[in-house]
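Asker: First the structure, which I've put down as structure tokens, then a few questions once you've had a look.
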Amino acid sequence: MKKINDVYEKKNRVEKVLQFGEGNFLRAFVDWTVYEMNKTTDFNGSVAVVQPLKNGLVEMLNQQDCLYTLYLNGIKNGEVVSEHNIIDVVSRGINPYEQYDEYLRTANNPDLRFIVSNTTEAGIVFDENDKLEDNPQNSFPGKLTALLYHRYNTFNGDKGKGFIIIPCELIDKNGEKLKEVILKYADLWNLEESFITWIHEANTFCNSLVDRIVPGYPKEKIDEIRKELGYDDNLVVEGEPFHLWVIEGPQWVKNEFPADQAGLNVLFVDDLTPYRTRKVRILNGAHTSMVPVAYLYGKDTVRESVEDDIMGQFIKNTVFNEIIPTLELSKEELMDFADAVIDRFRNPFIKHYLMSISLNSMSKFKTRVLPSILQYKDLMEGLPNRLVFSLAALIGFYKGERNGVAIDLKDDEDIIELYKNLWSAYDGSRNGLEKLVEAVLGYEKNWEIDLNTVEGLHQKVTDYLELILEKGMKDAVDNFEK
């Protein structure tokens with residue numbers, strides 16, 4: 001069978017983007033964004049990819065002339081879609097562990113303007129053992145600092161030769177944190193004050209928020225895909241149609257990076273906080289509040305849960321009636337995002353198991369769901385019934401059993417031990433249940449507050465948990481949605 005580079009001839013474009021990371025997400029998100037901008041605007045740029053770790057995909061990428069096929073599978077405007085394109089924007093892959101000089105020479109290119117990264121949440125870290133003379137430095141920020149210093153020296157501190165730096169790591173204030181670490185390296189390496197000034201004045205560090213589910217390489221159906229494509233591609237990647245990139249920075253950035261002009265869901269904002277809150281509360285919050293209820297109801301996947309008449313209605317009412325009213329963005333924006341989330345949950349190409357989401361559910365509930373409960377109470381002077389019911393279901397979930405079959409609970413040892421002791425000591429009485437709930441709500445190590453002090457919460461959680469234990473989850477949920 002022919003290879004992908006036998007059937008497609010790539011155009012030569014100006015290298016404008018340096019990308020740290022060659023994994024599935026960046027190829028299905030950032031590089032796809034550049035591909036779309038090249039198609040519909042005058043961006044006309046390519047991406048040089050840097051392998052941030054010693055082991056990676058750069059060699060395989062170069063063997064394919066940096067071409068790969070992206071499938072976007074899911075629900076778009078209410079319709080099931082599956083479309084694919086050859087992404088041709090990556091100019092070359094560089095392994096700094098073997099090509100350090102070539103890596104540094106990328107900074108000599110006066111047209112290079114953007115730096116993007118996705119080196120996982122653990123990537124933006126300071127390693128005090130990194131040295132400027134290392135070939136390369138161990139950490140991603142160490143490598144980047146060395147590159148910035150080379151750029152500074154190459155252009156004699158020209159303030160017109162700085163970068164727009166947009167990290168995509170899923171941590172809050174990712175741009176600000178990356179800049180902080182770079183400045184720590186400048187201090188550690190005793191770099192001149194004028195370089196530090198250049199960092200501040202010539203470079204723009206943008207916080208960003210990214211959102212697209214990327215299942216990655218479709219191993220289970222690759223033979224079927226090769227037959228459909230008619231060529232070999234070892235770097236096929238799958239993603240969902242939905243995408244969101246919120247970039248916090250000066251408005252002029254969008255003139256240089258015209259993603260919005262390409263019709264993409266890329267927002268340039270002064271403050272991405274409300275968008276992060278929207279994602280955490282609606283998307284992640286719906287996931288976390290859904291898990292204990294839907295799993296004990298008898299469902300195993302997100303799609304099954306949403307498409308069930310009763311369970312699906314419970315989830316939608318939770319999102320639209322109890323989470324959305326606590327958020328700050330316009331109702332239209334929130335409703336549109338929530339509708340997209342429900343479509344994403346229904347994606348027939350993604351099998352998202354509830355048990356995989358259940359990892360560390362207690363801490364997830366604290367960050368993703370509890371703020372909605374507390375804010376709802378402040379705004380509505382009452383508690384949100386379904387979110388509180390989900391908290392009761394969570395306590396029931398940690399009993400560790402569904403229809404007589406043990407649940408493989410995965411959480412911190414202290415959480416597992418807490419529930420094991422509480423459920424073992426439970427005597428089946430109402431008084432015993434009240435004590436159990438009181439102990440869970442009062443576990444400040446997780447919640448950081450004593451939830452028993454929230455008016456009405458202890459009573460309502462106990463009532464719902466009693467209902468679940470006596471009637472079973474199905475009857476308990478059915479009572480909500482009849």
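Asker: Could you list the GluC sites (Glu not before Pro) in region 339-432 that lie in coil according to DSSP, counting only those with at most 15 other Cβ atoms within 10 Å of their Cβ?
Answerer: Counting only loop positions with at most 15 other Cβ atoms within 10 Å, the GluC sites (Glu not before Pro) in region 339-432 are Glu381.
Asker: Please list, in chain and number order, the residues 5+ apart from Ile115 or on another chain whose amide H is under 5 Å from its amide H, with Hs placed from the backbone.
Answerer: The list, which skips near neighbours in sequence, is Leu18, Ile164, Ile165, Ile166.
Asker: Let me ask you something else. Quick one: work out the % antiparallel among DSSP beta bridges in the chain, nearest 5.
Answerer: 40
Asker: Within region 437-482, report the GluC sites (Glu not before Pro) that DSSP leaves as loop and that have at most 15 other Cβ atoms within 10 Å.
Answerer: Glu448, Glu455
Asker: Relative contact order for region 65-196 using alpha-carbon pairs under 8 Å, separation at least 6, rounded to a whole percent?
Answerer: That works out to 22 percent.
Asker: For the Cα atoms of the chain, what angle does the longest principal axis make with the long axis of helix 385-397, in degrees from 0 to 90, nearest 10?
Answerer: 90
Asker: Could you tell me the relative contact order of the chain? Use alpha-carbon pairs under 8 Å, at least six residues apart, and round to a whole percent.
Answerer: Value for the chain: 13 percent.
Asker: Please get the size of the charge dipole for region 152-246, origin at its Cα centre, with Cβ charges of +1 on Lys and Arg and -1 on Asp and Glu, quoted in debye to the nearest 20.
Answerer: 140
Asker: Let me ask something else about it. In degrees, nearest 10, range 0 to 90: what is the angle between the Cα axis of helix 430-441 and the longest Cα principal axis of the chain?
Answerer: 20
Asker: To make sure I understand the rule: partners must be lysines, Cα under 19 Å from the Cα of Lys221, and not fewer than 8 residues away in the same chain. Which ones qualify?
Answerer: Straight-line reach from Lys221, under 19 Å: Lys2, Lys3, Lys351.
Asker: Additional query: Report the charge-dipole magnitude of region 274-481 in Debye, nearest 20, computed about the Cα centre from +1 at each Lys and Arg Cβ and -1 at each Asp and Glu Cβ.
Answerer: It works out to roughly 480 debye.
Asker: How large is ³J(HN,Hα), in whole Hz, for each residue of region 243-256 in order, when computed from phi with the Karplus curve 6.51 cos²θ - 1.76 cosθ + 1.60 and θ = phi - 60°, using x for Gly and Pro?
Answerer: After applying 6.51 cos²θ - 1.76 cosθ + 1.60, I find 8, 8, 9, 9, 10, 9, x, x, 5, 5, 4, 5, 6, 8 Hz.
Asker: Next question. Which one, Val280, Val269, Ile182, projects farthest toward the positive side of the charge dipole computed for region 175-329 from Cβ point charges (K/R +1, D/E -1)?
Answerer: Result: Val280, furthest along the dipole toward the positive end.
Asker: Which percentage, to the nearest 5, of the DSSP beta bridges contained in region 4-271 is antiparallel?
Answerer: In region 4-271, DSSP labels about 35 percent of beta bridges as antiparallel.
Asker: Below 8 Å between Cα atoms, with a sequence gap of 6+, how large is the relative contact order for region 4-271 in percent?
Answerer: Contact order relative to length: 21 percent.
FYI, it's all coordinate maths here, none of it is from the lab. Fair warning: this is a prediction, and the values are worked out from it, not measured in the lab. Neighbour counts are summed over all protein chains in view; Cβ atoms, including those assigned to glycine, are modelled from backbone coordinates with ideal geometry.
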